[in-house]
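What follows is one structure encoded as C-alpha cells, with my remarks underneath.
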Amino acid sequence: MTDNSHFWEKSVEALTRSQLEDLQWVRLQKTLERVTRSRFYEDRFKEWGLSPSRFEGLDDLCRLPFTTKEDLRSAYPYGFLCTPRDQLVRLHVSSGTTGQATAIFYTRKDVENWADLLARSMYMTGARPGDTFQNLTGYGLFTGGLGFHYGAERLGLLTIPAGAGNSKRQIQLMRDFATSIIHIIPSYALLLMPIMMEMGVDPRRDLQLRIGFVGAEPYSEEVRRRIQDFYGIRVFNSYGLSEMNGPGVAFECSSQQGMHVWEDSYLVEIIDPQTLKPVPHGSYGEMVLTSLNREAMPLLRYRTKDLTRILPGECPCGRVHRRLDRMQGRSDDMFIIKGVNIFPVQVEQVLMNIPQVGNNYLILLRNENNIDEMIVRVEVTDRVFVEDMRQLQTLQKKIARDLRGELLITPLVELVEPHSLPKNDGKAVRLRDERRK
Ligand code: ADP
Ligand code: ZN
C-alpha cells in the first residue's frame, strides 16, 4: 500500500514558518473577535481593560492572562459558549480524571475541522483507504472514540467502532476483518497481550496489524517498545485534550521522533508552572494552548497542566509544525516523597525495561508512624511466577536497585501474581496516595 502523496492537507501541512505564522495571525484575530461573545471572556476582557481589536500581532497574546481548568468549571456549563445554541451539534464531557468534569461544545464546522485534524494525523503515519481501522477506545463522552471515528471515516478507512473492553471479541474482530490499524490507550494495549496469548493468538502470525495510534495517557518509550514488539506494529504517539477538541492536537509522523502540534489550529507556549514565564527554548514546562480554529468554544492561553518540551531541530518529514516530546505527565500526577519529585512514568520506564516484569503495576504512597513510604507493586510475568523464591528475591532486589538509580530513593518493592492488580477499560490509575485522608 505505497502512496507517494505525502500530505493530507498540503495547504496547511507544507507551509513555511512565515506562512504558518501569517495563517496563525489571521486565525487568532478571528478567535479574539469571537471569544468575547462568551460570558466568561466578555467579563474578563472588561476586567483586564483590554480590547480584542487592539492586538497587533501574535506576540501580543502574552498580554492576556491564562485560562484554567478551574475557570472552565466555574463557568460550567455555558459560560464559554460563543455561538447560539442552535448552531451546536455535539457536546463532550472531559473524562474527569482529575476532578469535576467540564463540558465542551462543537458546531458542525468544529466537528469537520476536528475530523480533518485526525485524518491528517493518521494519513501522516501511512494510513490509507483500504486499511481496516479498529477503534478500541471508549465511545460516548470521552473524545477518543468519536474523534478518531470521524477522522478515520473522513480519511476513508473501514472503521470498526469496537469501543473499549470486551477483549475476546476485539481479538475476534481483528482476526475476522484483518484489522491493520488500531487506536488504543497504552494501558489497555498492555492488558490485551495476556488475553491474546491465552487465546493462542500470536499477532505477528495470526493478525494483519501494522499501525497503532496510542495515547490519551502518559506512557514511556519502554511501553512503546513492548507494544510494538508484541503486536508487530509501529506505534505512533497521539495527544489531545477535550478542551482543544480531543485527540488530533499533536501526533507523531512516520519518523516517530516527537509529536507535531498542528500549529495552524493550536498556538503552543511552554511556561514555567511556578513563575508562569516562558521557559528557555527546548526546556520542559507546562504546555499552554490557544485554539485558533474553534467556533463554539475557543480558549485563549489554556493551561493544560501537561508537562513536555518542544524538540529542537527540524523533522525529517519536512513539516514545520513544531514537535513535542513525550508527555512526562500532568503537573497533578507528580508526587513528592522524601523531598524528591517523581512522575509515575519514571517508575514505569524502569519497570518495563525488566523482562520479568509483567504489564501492570501500582505505586502506593503511605504514611506509617509519620514516615512516608513508597511501595511499588509489580506484577511479574507468568513464567517468573512459577520460579523459586530465591530468584524472586533477586528480581525484587534488582527492581529496587534500578528504581533507586532513576528516582534516587529506594521504594519497597512487592512482587504480585500476574493479573492480580486492579484494571479497568479506561485510563489506568497508576498511583494511590494514602498519605492524606
Ligand atoms: P481528562 O482530563 O479527564 O483525562 P481528556 O480525555 O480530555 O480528559 O484527557 C486529556 C488529557 O490526557 C491530557 O491533558 C493529557 O494529560 C492526557 N493525554 C492525552 N494524550 C496523551 C499522550 N499521548 N501522552 C500523555 N498524556 C496524554
Ligand atoms: Zn515529522
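We did not get these values from a lab; they are worked out from the coordinates using the rules stated. The model shown is predicted, which means the values in this text are computed figures rather than measured ones. With ideal geometry, Cβ positions are generated from the backbone for all residues, glycine too; neighbour counts draw on all protein chains shown.
Residues whose amide H comes within less than 5 Å of that of Thr107, counting only those at least five positions distant or on another chain, are Val89, Glu295, Ala296 (H built at 1.01 Å from N in the peptide plane). For the chain, set up a GNM with springs between Cα atoms under 10 Å and report which of Glu33, Glu198, Glu379 has the largest fluctuation. Fluctuation is largest for Glu198.
What is the fewest-to-most order of His321, His183 by other Cβ atoms lying within 10 Å of their Cβ?
On the way: His321 23, His183 29.
Ascending Cβ contact count within 10 Å gives the list His321, His183.
Given a cut-off of under 8 Å on Cα pairs at least six residues apart, what relative contact order in percent is computed for region 88-150? Can you show the working numbers first?
On the way: 60 pairs, mean separation 22.0, N = 63.
Normalised by residue count, the contact order of region 88-150 is 35 percent.
Basic side chains Lys and Arg get +1 at the Cβ, acidic Asp and Glu get -1 at the Cβ, and with that the dipole of region 58-201 about its Cα centre reaches some 240 debye.
Among the chymotrypsin sites (Phe, Trp or Tyr not before Pro) found in region 251-356, those both in a DSSP coil and sparsely packed, with 16 or fewer other Cβ atoms within 10 Å of their Cβ, are Tyr284. Considering only Gly163, Gly215, Phe251, and ranking their Cα positions along the charge dipole of the chain that arises from unit charges at the beta-carbon of Lys, Arg, Asp and Glu, the one farthest toward the positive end is Gly163.
Length gained on full extension, Ser254 to Glu406: 51.7 nm, using 0.36 nm per residue less the C-alpha separation.
Find how much the distance from Ser420 to Lys30 grows on full extension, using 0.36 nm per residue of separation minus their present alpha carbon separation; answer in nm with one decimal.
Numbers: separation 390, 0.36 × 390 = 140.40 nm, distance 5.27 nm.
The Ser420-Lys30 span can extend by a further 135.1 nm.
Each residue, Asp372 and Arg85, gets one label point 7 Å from its Cα in the Cβ direction; the gap between the two is 4.7 nm.
In sequence order, region 331-342 has phi-based couplings of 4, 5, 6, 5, 10, 10, 9, 6, x, 9, 8, 9 Hz under the Karplus curve 6.51 cos²θ - 1.76 cosθ + 1.60, θ = phi - 60°, and Gly or Pro positions carry x.
For region 275-320, the set of GluC sites (Glu not before Pro) satisfying both a DSSP loop assignment and a count of at most 15 other C-beta atoms within 10 Å is given as Glu314.
Taking amide H positions as modeled 1.01 Å from N, with prolines and chain starts lacking one, the residues under 5 Å from Lys305 and 5 or more places away or on another chain are Met287. Close amide H contacts of Leu324 (hydrogens built in the peptide plane, cut-off under 5 Å, sequence separation of 5 or more or a different chain): Met259, His260, Val261, Leu311.
Arrange the peptides 138-149, 40-51, 355-366, 62-73 so that the one whose residues have, on average, the most other Cβ atoms within 10 Å appears first.
Values: 138-149: 22.5, 40-51: 14.5, 355-366: 19.6, 62-73: 16.3.
Ranked from most to least packed, the peptides come out as 138-149, 355-366, 62-73, 40-51.
Working note: Karplus 6.51/-1.76/1.60 with θ = phi - 60° gives region 6-22 the couplings 8, 10, 7, 10, 3, 4, 10, 7, 9, 6, 7, 4, 6, 5, 5, 5, 4 Hz, where Gly and Pro are set to x.
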